[in-house]
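The values are calculated or read from the model by the stated rules, or taken from the named source; none is laboratory data. Fair warning: this is a prediction, and the values are worked out from it, not measured in the lab. All Cβ positions, glycine included, derive from the backbone under ideal geometry; neighbour counts span all protein chains shown. Just so you know, the surface numbers come from the protein's heavy atoms only, side chains and all, with ligands and any DNA or RNA stripped out. Shrake-Rupley method; radii C 1.70, N 1.55, O 1.52, S 1.80 Å.
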Amino acid sequence: WEGTPSKFPWTFKKTETMYLVEGKVIVNVDGYDKEEEAFEIGKGDVVVFPKDMKVVWEITEAVKKHYILEE
């Protein structure tokens, strides 16, 4: 999956394990807007997002990721 700089809400319908090949993303969990409630993921990171997790996904540098979906 690839994405350009943008910001949008997202709910994970399945547990997703992702590996970021390129780019940077700021993730605000459950829609929190406070900087201290956010975390950044970037090139080389592996992250697991559980099913039904709600986030605001802010791509700050174009992203390329590989991912696996689980039930």
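Applied to segment 56-71, the Karplus parametrisation 6.51 cos²θ - 1.76 cosθ + 1.60 on θ = phi - 60° returns per-residue 3J(HN,Hα) values of 10, 9, 10, 7, 9, 9, 2, 10, 10, 9, 10, 8, 10, 9, 10, 5 Hz, with x for Gly and Pro.
Labels on offer are (i) 39, 26, 16; (ii) 29, 25, 17; (iii) 74, 21, 12, and the one holding Cα extents along the principal axes in Å computed from this structure is (ii).
Projecting the Cα atoms of V27, V46, Y67 onto the charge dipole of the chain (Cβ charges, centred on the Cα centre) puts Y67 farthest toward the positive pole. Scalar couplings 3J(HN,Hα) for segment 37-42, obtained by applying the Karplus form with A = 6.51, B = -1.76, C = 1.60 to θ = phi - 60°, are 8, 9, 9, 10, 10, x Hz; x denotes Gly and Pro. Across W57, W10, the residue with the most accessible area heads the list, and the full order at a 1.4 Å probe is W10, W57.
Amide H contacts of T60 (H built 1.01 Å from N, in plane; Pro and chain starts excluded): K24, V25, I26 sit under 5 Å, all sequence-distant by 5 or more or on other chains. Annotation for the chain: trypsin sites (Lys or Arg not before Pro) lying in DSSP loop with at most 11 further Cβ atoms inside 10 Å of their Cβ are K13, K34.
Once backbone amide H atoms are built at 1.01 Å from N, D45 has L20 as its partners under 5 Å, excluding neighbours fewer than 5 places away on the same chain. Accessible surface calculations at 1.4 Å, restricted to protein heavy atoms, place the chain at 67 Å² per residue. For the chain, carbon and sulfur atoms together expose 51% of the accessible surface, with a 1.4 angstrom probe and every protein chain in place.
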